[in-house]
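Everything below concerns the one structure shown next.
Any read-out appearing in this document is the output of simple, stated calculations on the displayed coordinates, not a laboratory observation. Because the structure is predicted, anything quoted here is derived from the model rather than measured. Cβ placement follows ideal geometry from the backbone for every residue including glycine, while neighbour counts extend to all protein chains displayed.
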Amino acid sequence: MVINIISSFLLFAGLFFFAVGVIGLLRLPDVYTRLHATTKCDTLGAGLMLVGLALQGDWVIAGKLVIIVVLLWIANPTAAHVISKASYTSGIEMAEGSFEIDRRSGK
């Protein structure tokens with residue numbers, strides 16, 4: 001009974017983070033901010049949902065789902081880094097109004 005409540009909470013929390021990621025993908029102005037929003041929300045959302053599903057199964061299924069979560073936590077940020085580096089090297093500009101702070105001068 002308690003496991004079902006915890007599992008349901010994790011599934012709904014994962015759904016919430018997926019929804020926030022979709023809103024960020026649709027509303028944010030450039031590839032860098034969209035990538036940030038979707039990567040963070042997708043990684044956390046999928047992790048929460050898979051852990052919630054792992055609580056519902058037996059130990060073999062739970063073990064496989066935990067392995068998938070670990071691989072997802074490694075692959076998703078790595079893919080986002082590669083996409084952002086490719087965007088930067090190909091000359092894709094940041095959105096108008098974005099700025100970069102010079103750490104030495106603060107400007």
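What is the distance in Å between the Cα centroid of segment 54-85 and that of segment 12-44?
So the separation of the two Cα centres works out to 17 Å.
Per DSSP H run of at least 4 residues, take -39500 (n - 2.57); add these up for the chain, divide by its residues and hand me the 222 nm value, nearest 500 deg cm²/dmol.
Taking each H run of at least 4 residues, the total per residue is -27000 deg cm²/dmol.
So what are the chain's ellipsoid semi-axes, whole angstrom, largest first, if each one is the square root of 5 times an eigenvalue of the alpha-carbon gyration tensor?
35, 15, 11
Residue by residue through segment 7-12, what is 3J(HN,Hα) from phi via Karplus (6.51 cos²θ - 1.76 cosθ + 1.60, θ = phi - 60°)? Round to whole Hz and write x for glycine and proline.
With the stated coefficients, segment 7-12 comes to 4, 5, 4, 5, 5, 5 Hz.
Among 44-51, 66-73, how do they line up by average Cβ neighbours within 10 Å per residue, starting with the highest?
Top of the packing list down: 44-51, 66-73.
Could you give the size of the charge dipole of segment 2-89 about its Cα centre, using +1 on the Cβ of each K and R and -1 on the Cβ of each D and E, expressed in debye and rounded to the nearest 20?
180 debye
Using the Karplus equation 6.51 cos²θ - 1.76 cosθ + 1.60 (θ = phi - 60°), what ³J(HN,Hα) coupling, rounded to whole Hz, does each residue of segment 45-60 give in order, writing x for Gly and Pro?
x, 5, x, 5, 5, 5, 5, x, 5, 5, 5, 8, x, 7, 5, 5
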